[in-house]
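Below: one structure, written as structure tokens.
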Amino acid sequence: MRTHYCGTVDSQLLGQEVTLCGWVNRRRDHGGVIFVDLRDREGLVQVVFDPDAPEIFAIAERIRSEYVLQVRGRVRARPEGTVNPDLRTGAIEVLGLELTVLNASETPPFQLDEDDVGEETRLRYRYVDLRRPMMQTRLKMRAQITGVMRRFLEDQGFLDIETPMLTKATPEGARDYLVPSRTHPGSFFALPQSPQLFKQLLMMSGLDRYYQIVRCFRDEDLRADRQPEFTQLDIETSFMDEEGIMGLMEAMVRELFAQVLEEPLHSPFERMTYAEAMHRFGSDKPDLRIPLELVDLTDVMAPVEFKVFSGPAQDPQGRVAALRLPKGGELSRKDIDDYTAYVSRYGARGLAYIKVNDLNAGREGLQSPILKFLPDTVVVDILDRTGAEDGDLIFFGADKAKIVNESLGALRVKLGHDRGLVDRGWRPLWVIDFPMFEFDDKDQRWVALHHPFTAPRLQDGQTLDGDPGALVSRAYDLVLNGTEVGGGSIRIHQTALQERVFELLGIGQEEAREKFGFLLDALKLGCPPHGGIAFGLDRLVMLMTGAQSIRDVMAFPKTQTAACPLTQAPAQVSEAQLKELNIRKRS
């Protein structure tokens, strides 16, 4: 039906006839000549309809925005003074010789160049929203990204292998989406939160290198970078340690940025232990483009009489830390109050501060409601350790270490953006040496920080029989500009070790056999050392396209309430369907 895409017609086709298909982006009537901007996924081209062809002109007079047209025409140069240098097609136009309306359109629910359309409306008419050039560019880039990844992995000997969508509910992580079985009354499948166990079984099968671009499902509360169904690039390989896996993945990401964005990434990527990341940035996914860092003052504050500081400082689970904001003395009291309200979202009960007006004036050159509680020696230590200069503002956090890290870590990022301190470019980072377990105060038990199949990094003489909180895992996360885009680990490949980890997590032998018996049996039958990683494809595309939410790089996402305005899902089903599935709704 067409010879060219609209956006590819250029000066090389001058004098030639082309046949184009697309949507009416805009129609203009200028002094008896009709101009139509015809749009398809490759861009726009200007089509001119002249009254010298009355039959075609009469059709052109009736067309409106979003009509679907087929046009045969001759490519010619635009008149002098009308060239549009911002368009690939801006030097030419197409003189319409034939015009067919393939389909009319009612008035669309919003104009494609509107910027303030509500998300509910955009998702309700997603097929219209996806016609916008920005959305088409993002989805085309997404396809380009997956194509580069596929080619890289296949060149490295990885096999694209599918794993089941209907599987067994898992006891760890987020809630599962359950699927009732008609043929097994009272039993349920679960949609996979990840292909984790199946990709490990593929390694036990000798297939050695696996990858899959796979849909995963988690019934959890949503945020800007979360969806109930999402896509990840899943990778697993045998006979390769973490150094080999991280090195290979670095090469893939560098290739990806070079081909898609034409931006080189430094090699090797920076590395940082989990402990260092939390100490310096209060986060295990720090944005290294922001130069602000947390400074620990726990030892400095331990002897002071002021309990707001000394209490957390003397608590083994507590922390006192400072965050110096260069030139932050410019902030008003209202600004500080706003930041105090901001950190309260993370559990902080306040936000103490010191304004440094004049270092040479000593205590008299400082401004703060907490100064009266701090001895001179402590004030000197604070100024020295933070590297304070005239005009700076020092914020303080004092509480449980988790609250201090989360609140000051979030404040660090917000201040970086608010104050224009974010460097340009990309700062990829490997975070390594994560704790194996963390203690869940609510359930009063240890839980796996990543997942229960992650291998521990045991030092000489160390066993799993000591303090679980002291164990370090062989896990690694790839962080890009403050967003975790990939996470992986070396897996446990020995039955006894896997059973011991289950015990530490409160999973007894009977429960382990019921839920993971197939894995434990497989580990006994020649399981090779193996490991892998999974990349959050939606997050990665969001970052590379500059979108603000993963919903803007997915064709048909859900809303914040996990609903689909387009199809009105989730929806009620008939009593007959429920009866067939042996399900009865409770009133």
- [ ] Note down the nm distance, to one decimal, between modelled labels 7 Å out along Cα→Cβ at LEU130 and at SER181.
- [x] 3.4 nm
Open item on the list: Just to verify a number: FRET efficiency for GLN144 and VAL68, C-beta to C-beta distance, R0 = 25 Å, to 0.05?
Closed with: 0.40
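What is segment 1-86 by shape, rounded, prolate or oblate, if you read a ≥ b ≥ c off the alpha carbon gyration tensor as root eigenvalues and call it rounded for a/c under 1.5, prolate for a/b larger than b/c, and oblate otherwise?
Numbers: a/c = 1.39, a/b = 1.17, b/c = 1.19.
Cα axes put segment 1-86 in the rounded bin.
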Task: Residue-span extension gain [THR8 to GLN494] - 0.36 nm each, minus C-alpha spacing - done: 169.2 nm
Open item on the list: Quick check: from the Cα gyration tensor, does the chain come out rounded (a/c under 1.5), prolate or oblate?
Closed with: oblate
Open item on the list: If a paramagnetic tag sat 7 Å from the Cα of GLU270 along the Cα-Cβ line, which residues of segment 282-313 would have the backbone N under 11 Å from that point?
Closed with: 286-293
Task: Hull-based mean projected area of segment 290-422, where the convex hull spans the alpha carbons, in square nanometres - done: 7.1 nm²
- [ ] Please give, to one decimal in nm, the separation of the simple spin-label points placed at ILE370 and ARG349, each 7 Å out from Cα toward the Cβ.
- [x] 1.3 nm
TODO: At 0.36 nm per residue, minus the direct Cα-Cα distance, what do GLU511 and ILE583 gain on full extension? Give it in nm, one decimal, please.
DONE: 23.3 nm
TODO: Counting other beta carbons within 10 Å of each Cβ, put PHE110, PHE518 in order, fewest first.
DONE: PHE518, PHE110
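Which of the peptides 536-549, 355-368 is most tightly packed, and how do the rest follow, judged by the mean count of other Cβ atoms within 10 Å per residue?
Details: 536-549: 20.4, 355-368: 13.8.
Going by the mean number of other Cβ atoms within 10 Å, highest first, we get 536-549, 355-368.
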Task: Helical contribution to [θ] at 222 nm, DSSP H n ≥ 4, -39,500 (n - 2.57), averaged over the chain, rounded to 500 - done: -8500 deg cm²/dmol
Open item on the list: At R0 = 25 Å, how high is the FRET efficiency between LEU421 and GLU220 if r is their beta carbon distance? Nearest 0.05 is fine.
Closed with: 0.20
Open item on the list: Just to confirm the number: angle between the C-alpha axis of helix 495-504 and the first principal axis of the chain, 0 to 90 degrees, nearest 10?
Closed with: 70 degrees
TODO: Please arrange MET240, MET301 by counting, for each residue, the other beta carbons lying within 10 Å of its beta carbon, fewest first.
DONE: MET240, MET301
Task: Length released on extending from LYS307 to PHE188, taking residue separation times 0.36 nm less the Cα-Cα span - done: 37.5 nm
TODO: Hey, for a label at ASP315 modelled as a point 7 Å past Cα toward Cβ, could you say which residues of segment 336-356 have their backbone N under 18 Å away?
DONE: 343-352
Task: FRET efficiency estimate (nearest 0.05) - Cβ-Cβ, ASP335 to ASP52, R0 60 angstrom - done: 0.35
TODO: Going by C-beta contacts inside 10 Å, put TYR210, TYR353 in order with the fewest on the left.
DONE: TYR353, TYR210
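Could you sort out which of LYS285/LYS327; LYS199/LYS515; LYS285/LYS414; LYS372/LYS400; LYS355/LYS402 sit more than 21 Å apart by Cα distance in this structure? Provide the component values of the computation, followed by the final result.
Values: LYS285/LYS327 26 Å; LYS199/LYS515 17 Å; LYS285/LYS414 15 Å; LYS372/LYS400 24 Å; LYS355/LYS402 26 Å.
Beyond 21 Å between Cα atoms: LYS285/LYS327; LYS372/LYS400; LYS355/LYS402.
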Task: With Cα atoms, 0 to 90° folded angle of helix 509-523 axis to the chain main axis - done: 70 degrees
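Rounded, prolate or oblate: pick one for segment 40-108, where a ≥ b ≥ c are the square roots of the eigenvalues of its C-alpha gyration tensor, a/c under 1.5 means rounded, and failing that, prolate if a/b is larger than b/c, else oblate.
oblate
Rule-based calculations on the coordinates, nothing more; no lab input. From a predicted model like this one, the values you see are computed outputs, not experimental measurements. Methodologically, a virtual Cβ is constructed for each residue, glycine included, from the backbone with ideal geometry; neighbour enumeration extends over all protein chains shown.
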